[in-house]
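*Asks:* One structure, as structure tokens, below. Some questions next.
The values are calculated or read from the model by the stated rules, or taken from the named source; none is laboratory data. None of the values given here were measured: they were computed from a predicted structure. Reconstructed Cβ throughout: ideal geometry from the backbone, glycine too, with neighbour counts over all protein chains shown. Surface accessibility is based on the protein's heavy atoms, side chains included, excluding ligands, DNA and RNA. Shrake-Rupley method; radii C 1.70, N 1.55, O 1.52, S 1.80 Å.
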Amino acid sequence: KEDDFNPERLASLINEAKRWSVELDRAQLGYVVSSWINSLMETLNQQPFDIPLFEKIENDLKLLKPLSLELNLWKAQNEYFTRMYNFYKPIRESMEEGDDYSKKWVEVFRNLGHRLQIKVS
């Protein structure tokens, strides 16, 4: 319920709950985490070139993976496809012309696609 989701803190709390044999509502946790990730992806509508935001989402997903939560990320995946359709090709072409910013954007974009289980050609 905090304003800024902290996946490291969540992982720590889940590990502590395991240590104390506390049963967690994994469905509720998955719902909350999915909502947070989907919300961050929607933010990319207003900030499609925000490399740190791409990195944050990718890092959050990376930290959450070992928790084996069932995440419903179809909205996040749809947002990703929208970014890919609208921005990926022109930015990749700029990258091929030697633009360093474009190289970084393409790198973080592909990393996020991997975390969302989307293949980027």
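*Asks:* When only C-alpha pairs under 8 Å and at least 6 residues apart count, what is the relative contact order of segment 42-121, in percent?
*Replies:* Computed value for segment 42-121: 41 percent relative contact order.
*Asks:* Pairs Lys18/Lys75; Lys89/Lys119; Lys56/Lys103; Lys75/Lys103; Lys18/Lys56: which are spaced more than 24 Å apart, C-alpha to C-alpha?
*Replies:* With Cα atoms farther than 24 Å apart: Lys18/Lys75; Lys75/Lys103; Lys18/Lys56.
*Asks:* Hey, another quick one. Could you size up the charge dipole of the chain around its Cα centre, putting +1 on the beta carbon of Lys and Arg and -1 on that of Asp and Glu, and report it in debye to the nearest 20?
*Replies:* 420
*Asks:* Expressed as a whole percentage, what fraction of the accessible surface of the chain belongs to carbon and sulfur atoms when a 1.4 Å probe is rolled over the protein heavy atoms?
*Replies:* 49
*Asks:* For Tyr85 and Glu107 in the same chain, what is the full-extension length gain: residue separation times 0.36 nm, less their Cα-Cα distance, in nm?
*Replies:* Taking Tyr85 through Glu107 to full extension adds about 6.3 nm, to one decimal.
*Asks:* Go through 13-24, 45-56 and give me the packing order, highest mean Cβ count within 10 Å leading.
*Replies:* Answer by packing, highest mean first, reads 45-56, 13-24.
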